[in-house]
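Colleague: Handing you this structure, nothing more for now.
Values in this text are rule-based calculations from the coordinates and carry no lab data. Every value quoted in this text rests on a predicted model; they were computed, and no experiment measured them. Here the Cβ is made from the backbone with ideal geometry for all residues, glycine too, and neighbour counts use every protein chain on show.
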Amino acid sequence: MDRIISTEKAPAAIGPYSQAMKVGNMLFASGQIPVDPATNEIAGTTIEEQAQQVMKNVCAILEASAMSVEDVVKTTCFLADMKDFAAFNKIYGDTFTSWPARSCVAVREIPKGVLCEVEIIAVKR
C-alpha cells in the first residue's frame with residue numbers, strides 16, 4: 001500500500017509534493033535541503049552546516065518511515081559547487097556508513113539558494 005510520509009521533524013514540502021512516499025517496503029524521499037524545520041530558515045551558511053542539517057532532515061524522514069540510514073540503498077546528491085565536494089563528502093560519510101549507491105553532481109541552482117540537497121531511496125529488508 002502506498003503511503004505519504006510526513007513529519008514535523010523535517011521541513012514541510014514547499015510545493016505540490018510530499019516529503020516521501022512509502023510503497024511496500026520501499027521509501028522514495030524528496031530532496032532534502034538544509035531548512036531547519038523548527039524555524040523554517042536555512043541552517044547555516046557553510047557547506048558543513050548545511051550538510052549537517054540535510055542529514056538531520058533525511059534521518060527524520062527515515063525515522064518517520066520506521067527506517068534508518070542502514071536501509072538506504074541509493075542517494076542522489078546535488079551540490080551548488082563541486083569545490084564543496086570534500087567537505088560535503090566527510091559529513092555524508094559520517095551519516096551513510098553502510099555505503100549506499102550514490103550519484104553526486106554539481107547543479108546550476110538549488111531551491112532557496114542553498115549549497116546542497118540530498119534525496120534517498122531506502123528498502124526495509
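Colleague: Helix 85-95 sits at what angle to the longest principal axis of the chain, using alpha carbons and giving 0 to 90 degrees rounded to 10?
Modeller: 30 degrees
Colleague: What angle, in degrees between 0 and 90 and rounded to the nearest 10, separates the Cα long axis of helix 47-64 from the longest principal axis of the Cα atoms of the chain?
Modeller: It is inclined by approximately 0 degrees.
Colleague: Would you mind ranking 117, 49 so that the residue whose beta carbon has the fewest other beta carbons within 10 Å leads the list?
Modeller: 49, 117
Colleague: May I ask you to derive the relative contact order of the range 1-119, considering only C-alpha pairs under 8 Å and at least 6 residues apart, and to give it as an integer percent?
Modeller: Relative contact order here is 28 percent.
Colleague: Considering only C-alpha atoms, what is the centroid distance from the range 73-98 to the range 1-50, in Å?
Modeller: About 17 Å separates the Cα centre of the range 73-98 from the one of the range 1-50.
Colleague: Answer with a single label: of [x] 22, 17, 12; [y] 30, 16, 14; [z] 27, 24, 11, which was calculated as semi-axes √(5λ) of the Cα gyration tensor in Å from the structure in view?
Modeller: [x]
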